[in-house]
Amino acid sequence: MRTNVQDTSIESFYSLGNSKIKTQSDRIFEVIESHCKRTNRDASLNEIKKLYRATHHQDIELSTVSARVNALVSSGRIQRLESTRHCAITKKSIHPVRLPVKQAELFN
């Protein structure tokens with residue numbers, strides 16, 4: 001018996017419904033959000049990659065992390081800092097990312 005895998009995969013994907021489908025960007029955002037809230041620190045791309053691997057138990061390419069982070073920055077879900085610091089993993093100078101500071105937090 002032969003099955004058209006592509007059609008069945010697409011049907012399976014659409015049967016999940018939007019509420020159960022998380023994009024790679026959503027998963028990376030959740031990693032950044034969790035890290036920033038837990039440590040009150042920003043994150044580098046390599047740190048995000050390491051946290052993603054620990055959280056989701058799968059490897060992810062640094063270029064993929066970079067592309068998703070750029071999309072998250074463009075959409076305003078996270079922000080890239082103008083200041084630099086050394087990455088905890090590579091020790092290279094980087095512009096880290098973090099959650100945006102809300103207006104109310106500026107007064108506390």
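The values are calculated or read from the model by the stated rules, or taken from the named source; none is laboratory data. As the structure is a computational prediction, the values presented were derived from the model and not from experiment. FYI the Cβ positions are ideal-geometry reconstructions off the backbone, even for glycines, and counts take in every protein chain you see. These accessible areas exclude ligands, DNA and RNA; they are computed on the full protein's heavy atoms, side chains included. Shrake-Rupley method; radii C 1.70, N 1.55, O 1.52, S 1.80 Å.
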Inset, instruction - Could you name every one of the helices (runs of 4 or more DSSP H) located completely within segment 19-105 that has at least 1 residues being aliphatic (A, V, I, L, M) and surrounded by fewer than 11 Cβ atoms within 10 Å (Cβ to Cβ)? - result: 45-56
Inset, instruction - List every residue pair whose Cβ atoms lie under 6 Å apart, where the two residues are 6 or more positions apart in sequence or sit on different chains, the first residue falls within segment 63-77 and is free of Cβ contacts under 8 Å to residues at least 24 places away in the same chain, and the second residue, located anywhere, is in a helix (DSSP H, G or I) and open to solvent by less than 70 Å² (accessible area, probe 1.4 Å). - result: SER66/LEU45
Inset, instruction - From (1) of a type in the set (Gly, Ala, Ser); (2) touching a helix residue (DSSP H, G or I) at 6+ places or on another chain (Cβ under 8 Å); (3) at pLDDT below 95, pick out the condition that doesn't hold for SER9. - result: (2)
Inset, instruction - Tell me, yes or no, whether segment 55-77 has at least one residue that is modelled with pLDDT of 95 or more and touching a Cys at 6+ places or on another chain (Cβ under 9 Å). - result: no
